[in-house]
Every structure is written in C-alpha cells, then in structure tokens.
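S.K.: After the structure tokens below, expect a handful of questions from me.
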Amino acid sequence: MSSQHTEELHHDEHHGEGMTRGRILKVAGILSAITAVEFFIALYLVPHDIMPLHIANPIYIVLTLFKAFYIVAFFMHLKFERIGLMLAIIVPIIFIIGLILVLTNESHYWIDIRG
C-alpha cells in the first residue's frame with residue numbers, strides 16, 4: 001500500500017514540475033512568434049508577389065504542424081508521458097496523414113483522366 005501511494009505521489013510531482021509559469025510563457029511566446037511569421041507571410045509577402053503561393057503553402061503547413069506539436073506536447077502534457085502512450089497517439093496520426101496524401105494524389109489522377 002505504501003509503495004502504491006509513493007508511486008502516485010511521484011507521478012503527480014512529475015506532472016507538477018512539467019509546466020511552470022515560465023515554461024508556459026516560453027511556449028506561448030514560441031506559438032505567438034510562429035503565428036506572427038505566418039501572418040507576415042500571408043499579409044505581406046504573398047500579396048506583394050515577393051513569395052509565390054506554391055512556396056508559401058508548404059511553409060504554412062510546416063509551421064502549423066510545428067504549432068500543433070507544441071500544443072500537444074506541452075498543453076496536453078504528452079511530452080511528459082511514457083513512450084508507449086506517445087506512440088499510440090503519434091503512429092496512427094502519421095498513417096492518417098499518409099492516407100490523406102495518397103487519396104489526394106489519387107483524386108487528382110481521376111480528375112486529370114476525366115477532364
């Protein structure tokens with residue numbers, strides 16, 4: 001009984017140490033900086049023909065995935081979990097993204113054949 005209580009206490013302490021006010025502000029600052037870069041690209045570079053849209057779109061996607069990683073890792077506490085739980089969440093997401101890319105490519109093939 002005592003070892004179970006100690007284990008629960010250790011688990012709670014681990015999560016309590018994970019997100020301090022300074023770390024939350026740091027993560028919020030990183031997310032704000034990424035958002036500012038996205039807005040700069042969308043409102044200045046693309047409309048003034050400094051950056052073409054076919055280059056800006058992949059940059060948006062990468063920046064959005066980076067923001068999603070930070071949100072999931074820190075605010076949903078996935079960074080502080082065990083590797084098994086991380087893999088149980090991350091691996092299916094990778095397969096779903098791959099499926100979406102394959103189906104998108106296939107749909108363009110069918111549009112090109114019919115058109």
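S.K.: How many angstrom lie between the Cα centre of region 32-68 and the Cα centre of region 84-98?
M.R.: 26
S.K.: Extension gain H77-I111, at 0.36 nm per residue separation less the Cα-Cα distance, in nm?
M.R.: Here the answer is 8.0 nm.
S.K.: Now for a separate question. For labels at F66 and L45 in the simple 7 Å Cα→Cβ model, what's the distance in nm?
M.R.: For the pair F66/L45, the computed spacing is 1.0 nm.
Only the coordinates and a few stated rules stand behind these numbers; no lab work does. Bear in mind that the values here come from a model prediction, so they are computed numbers and not experimental data. Here Cβ is always computed from backbone atoms with ideal geometry, including for glycine, and neighbour counts include all displayed protein chains.
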